[in-house]
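Visitor: Let me begin by handing over the structure; questions about it come next.
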Number of protein chains: 2
Amino acid sequence: MKQIHNFSAGPAILPKEVIDNCVSALQNFSGTHLSLIEVSHRGKEFVAVMDEAQSLVKKIMNIGDDYEVLYLQGGASTQFLMVAMNLLENRAAYCNTGTWASNAIKEARHFGSVDVLGSSEEKNFNYIPKNYTIGNDYDYFHCTSNNTIFGTQMHTFPECPVPLICDMSSDIFSRKINFSAFDLIYAGAQKNMGPAGTTLVVIKKNILNKVNRYIPTMLDYNTHIKKGSMFNTPSVFAVFGCLQTLKWIDHQGLGNIEMYNSKKADLLYSEIDRNELFEGTTAIEDRSKMNATFVLKDDKLNDSFMQACNEANISGIKGHRSVGGFRASMYNALQLESVQVLVDVMKNFKS
Amino acid sequence: MKQIHNFSAGPAILPKEVIDNCVSALQNFSGTHLSLIEVSHRGKEFVAVMDEAQSLVKKIMNIGDDYEVLYLQGGASTQFLMVAMNLLENRAAYCNTGTWASNAIKEARHFGSVDVLGSSEEKNFNYIPKNYTIGNDYDYFHCTSNNTIFGTQMHTFPECPVPLICDMSSDIFSRKINFSAFDLIYAGAQKNMGPAGTTLVVIKKNILNKVNRYIPTMLDYNTHIKKGSMFNTPSVFAVFGCLQTLKWIDHQGLGNIEMYNSKKADLLYSEIDRNELFEGTTAIEDRSKMNATFVLKDDKLNDSFMQACNEANISGIKGHRSVGGFRASMYNALQLESVQVLVDVMKNFKS
């Protein structure tokens, strides 16, 4: 099969062995002689998948049993709602770093007061706000660790005297961080974690049960905690795919993954800075190692650069309409060689 | 590979060509040279999948453009909530035929008044209530067409002067019915429709926008209608699997599927009635053609019957704990030969 260099922003490239394991499980799941997608989720084979997919997250994050690991449906967009519904009694603090943070804020305002402590909206979200202090009278503080659309990433997290909540959809497991500093982490799976269709939620149990409103059964974290993410039929295939990816991550080690991701990002950003035809769109200190956004200084060249990328079998490089230009997403499974191919196309590109 | 006779209640047996097509798309999706689970859901290849998965439902149901077809996440359990939140302003009517109907009623009561017009709870849901009249002052009437756990099925639907809403999770596309009589149909995919991880919602647009409460973005049907089920990343693999199953259903024809399902059900129920060791658990006229529930008159024989089933490569036959005994789920893709194998085991079984 032709090798495609897959820079898609998500759903995104996955390790080859993950896809191979998914294929194999579709054909004969765990020795059942049945396909993964036609067996009961209550059978011992899938229960073992769900259990390991939970315990492996705890192992990789190095967190204790005061946390629960959930696999829910509805994407990070449903977490915007569940976070506020389960945790916002009076007032919450948010940092606004882009489209997804804005959507989270918009939803939260229906459940209580929201203070936006920092926002880069006035500069089309091209940097990460930093000069704010989080007061201790908030129900929680919410931030977005990486902004897929705008190409920025939080390289440090603020001191936080209240529960710290983070949407890590687009950079989870891409680097070593102190996961224990967070009280709730969520991530749509479809970037670094596995196939679309499931959302990881890691939650410190002691932050729950502090609001007074009625929380519908399916939106109540307690429902899913009590039943180990099996209150209703989970997204079986997606959870299986996550487990395969988690095994790959665990085998690589987060430290090695982080080094490899830095190497890829350095290679691409060096070329963006060196090449006079291109420029990056974000503040240099806030550049994302997952999603590099850049434009051609002369946007009349866009079509011919896109054509050069296509000829080199580079896929998914078109920028989001909010920023324009180009976006190279370099998730964990993307090879350095693919970044080199893109850099070579940039080097050889003539105006 | 050893042939297993898969009577699982759900996730459940799927046609072999559906699984083959899923395998093939995992390896090289639609000529992209990428896996189905690592391409953008906004790319033209997956957009075509989503479009066809919607239009094919309309074709098979023979419904017009006054309906929208959605693929959502969260399972039928989330629909219990969304139906009430989007449609219940004052008072709704429900029919209580089992565990899932009870859960739907429980959730709806948080949003308005609920009248339970019929219930078979007093007889452990072993029949379908029929002698009730639906008044015209309800916001809607909600029923469950097939009860996986208790083995009953609605073979007719009541006259309904208000919007008719039906949870068809476990018998959708198993028979020819007048789908145009319904205003909202929902179904978790993982029985007759495809892999777990997506929920079909078919909705007549004119029933919306009649309640005054705030509906959170992700729970508002309008959100998903406006964006063609692509407001956020859909459950890509599950939707693709549904499309493959829908193609298979369309090719067979609902009339043929219905006849084949009747043949399978008749074969099994005849043996249940003939064989003195066994008895069915439901009212005969309400027996489900999807899930046949039965017990051994002498339950001390359960283990040895289960062993006989195992030896015949029969899988998923254990009854739900609410009923006990045995349950043979005979979804569309189950072969008549598999039912014959089960019937032969029953015939040869000695006390």
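Visitor: Give all pairs with beta carbons closer than 8 Å in which a residue from region A:94-116 that is in contact (Cβ under 8 Å) with a residue 40 or more places away in the chain meets a residue that is among the basic types (Lys, Arg); count only pairs at least 6 apart in sequence or on separate chains.
Guide: Listed pairs, sorted by first residue: A:111/A:213.
Visitor: Still on this model: Checking residue A:88 against (1) in contact (Cβ under 8 Å) with a residue 60 or more places away in the chain; (2) under 25 Å from residue A:261 (Cα atoms), which test does it fail?
Guide: Of (1) in contact (Cβ under 8 Å) with a residue 60 or more places away in the chain; (2) under 25 Å from residue A:261 (Cα atoms), only one is false for residue A:88: (2).
Visitor: Quick one: how many residues across region A:205-221 are within 19 Å of residue B:79 (Cα to Cα) and more than 11 Å from chain B (Cβ to nearest Cβ)?
Guide: First, pick out the residues of region A:205-221 that are within 19 Å of residue B:79 (Cα to Cα): A:214-221.
Checking which are more than 11 Å from chain B (Cβ to nearest Cβ) leaves us with A:221.
Selection size over region A:205-221: 1.
Visitor: Right, another one. For region B:269-279, check the following and say yes or no: at least one residue is under 23 Å from residue B:172 (Cα atoms), in contact with a helix residue (DSSP H, G or I) (Cβ under 6 Å, 6 or more places away or on another chain) and in contact (Cβ under 8 Å) with a residue 60 or more places away in the chain. Quick ask: steps written out before the conclusion?
Guide: Going through region B:269-279, the residues under 23 Å from residue B:172 (Cα atoms) turn out to be B:269.
The next check asks that each one be in contact with a helix residue (DSSP H, G or I) (Cβ under 6 Å, 6 or more places away or on another chain); those that pass are none.
No, region B:269-279 contains no residue that is under 23 Å from residue B:172 (Cα atoms), in contact with a helix residue (DSSP H, G or I) (Cβ under 6 Å, 6 or more places away or on another chain) and in contact (Cβ under 8 Å) with a residue 60 or more places away in the chain.
Visitor: Would you please list the contacts, defined by Cβ atoms under 6 Å and residues six or more apart or on different chains, that run from a residue in region B:43-68 that is over 21 Å from residue B:257 (Cβ atoms) to a residue that is in a loop (DSSP other than H, G, I, E, B)?
Guide: Every condition considered, the pairs that remain are B:45/B:30; B:45/B:32.
Visitor: Right, next: Working only within region B:121-142, note down all residues that are surrounded by fewer than 17 Cβ atoms within 10 Å (Cβ to Cβ) and either hydrophobic (A, V, I, L, M, F, W, C) or at pLDDT below 95 (or both). Break it down stepwise before answering.
Guide: As a first pass, look at region B:121-142 and keep what is surrounded by fewer than 17 Cβ atoms within 10 Å (Cβ to Cβ): B:121-124, B:130-133, B:135-137.
Across region B:121-142, the qualifying residue is only B:131.
Visitor: Now for a separate question. For region B:155-171, what are the residues that are in contact (Cβ under 8 Å) with a residue 60 or more places away in the chain and farther than 20 Å from residue B:91 by Cα?
Guide: Result: B:155, B:169, B:170, B:171.
Visitor: Any residue at all in region B:245-267 that is within 14 Å of another protein chain (Cβ to nearest Cβ) and free of Cβ contacts under 8 Å to residues at least 40 places away in the same chain?
Guide: Scanning region B:245-267 turns up no residue that is within 14 Å of another protein chain (Cβ to nearest Cβ) and free of Cβ contacts under 8 Å to residues at least 40 places away in the same chain.
Visitor: Next up: Among the residues of region B:313-332, is there at least one that is away from chain A (no Cβ under 14 Å), more than 20 Å from residue B:173 (Cβ to Cβ), of a type in the set (Phe, Trp, Tyr) and over 20 Å from the mean Cα position of the chain (by Cα)?
Guide: No, the conditions are met nowhere in region B:313-332.
Visitor: Here's something else I'd like to know. Every residue in region A:1-21 that is at the interface with chain B (Cβ under 9 Å from one of its Cβ atoms), crowded, with 19+ Cβ neighbours inside 10 Å, in a loop (DSSP other than H, G, I, E, B) and not β-branched (Val, Ile, Thr), please.
Guide: Residues satisfying the conditions are A:8, A:9, A:10, A:11, A:12, A:14.
Visitor: Give me the pairs, please: first residue somewhere in region B:133-145 and farther than 15 Å from residue B:119 by Cβ, second residue anywhere and in a strand (DSSP E or B) and not small (Gly, Ala, Ser), beta-carbon distance under 6 Å, and either six or more positions apart or on two chains.
Guide: Within 6 Å, the pairs are B:138/B:91; B:140/B:165; B:145/B:166.
Visitor: Additional query: Would you confirm whether or not region A:248-269 contains a residue that is within 21 Å of the chain's Cα centre (by Cα) and closer than 30 Å to residue B:189 by Cβ?
Guide: Taking every residue of region A:248-269 in turn, at least one turns out to be within 21 Å of the chain's Cα centre (by Cα) and closer than 30 Å to residue B:189 by Cβ.
Visitor: Quick check on residue A:193: is it within 17 Å of the chain's Cα centre (by Cα) and of a type in the set (A, V, I, L, M)?
Guide: So residue A:193 passes the test.
Visitor: Also, quick follow-up: For the structure I just gave you, tell me whether residue A:196 is within 9 Å of chain B (Cβ to nearest Cβ) and either within 29 Å of residue A:287 (Cβ to Cβ) or crowded, with 23+ Cβ neighbours inside 10 Å (or both).
Guide: yes
Visitor: Would you mind stating whether residue B:24 is outside any loop (DSSP other than H, G, I, E, B), within 13 Å of chain A (Cβ to nearest Cβ) and more than 28 Å from residue A:77 (Cα to Cα)?
Guide: yes
Visitor: Can you tell which of A:223, A:152 is in the same structural domain as residue A:113 (by TED's automatic domain parsing) and in contact (Cβ under 8 Å) with a residue 60 or more places away in the chain?
Guide: It is A:152.
Visitor: Condition (residue is buried (at least 24 other Cβ atoms within 10 Å of the Cβ) and either closer than 25 Å to residue B:41 by Cα or in contact with a helix residue (DSSP H, G or I) (Cβ under 7 Å, 6 or more places away or on another chain) (or both)) applied to region A:110-120: is it met by at least one residue?
Guide: So far as region A:110-120 goes, no, none of its residues is buried (at least 24 other Cβ atoms within 10 Å of the Cβ) and either closer than 25 Å to residue B:41 by Cα or in contact with a helix residue (DSSP H, G or I) (Cβ under 7 Å, 6 or more places away or on another chain) (or both).
Visitor: Quick check on my filter: what residues within region A:22-42 are surrounded by fewer than 20 Cβ atoms within 10 Å (Cβ to Cβ), on the phi < 0 side of the Ramachandran plot, without any contact (Cβ under 8 Å) to a residue 12 or more places away in the chain and not polar (S, T, N, Q)?
Guide: A:23, the sole residue that qualifies.
Visitor: Follow-up question, since we're still on this one. Please verify whether region B:158-176 includes one or more residues that are surrounded by fewer than 24 Cβ atoms within 10 Å (Cβ to Cβ) and under 23 Å from residue B:53 (Cβ atoms).
Guide: yes
Visitor: Kindly evaluate residue B:342 against the criterion of being in contact with a strand residue (DSSP E or B) (Cβ under 8 Å, 6 or more places away or on another chain) and either of a type in the set (A, V, I, L, M, F, W, C) or at pLDDT below 95 (or both).
Guide: Yes: the conditions hold for residue B:342.
Visitor: From A:45, A:38, grab the single residue that is closer than 22 Å to residue B:241 by Cβ, facing chain B (nearest Cβ under 9 Å) and of a type in the set (D, E, K, R).
Guide: A:38
Visitor: Every residue in region B:124-143 that is among the hydroxyl-bearing types (Ser, Thr, Tyr) and not in a loop (DSSP other than H, G, I, E, B), please.
Guide: Hits for region B:124-143: nothing passes.
Visitor: Let me ask something else. Is it fair to say residue A:296 is in contact with a helix residue (DSSP H, G or I) (Cβ under 7 Å, 6 or more places away or on another chain) and without any contact (Cβ under 8 Å) to a residue 40 or more places away in the chain?
Guide: yes
The values are calculated or read from the model by the stated rules, or taken from the named source; none is laboratory data. Here the structure is a predicted model, which means the values were calculated and not measured. Every residue, glycine as well, gets a Cβ built from its backbone with ideal geometry; the counts of neighbours run over all protein chains shown.
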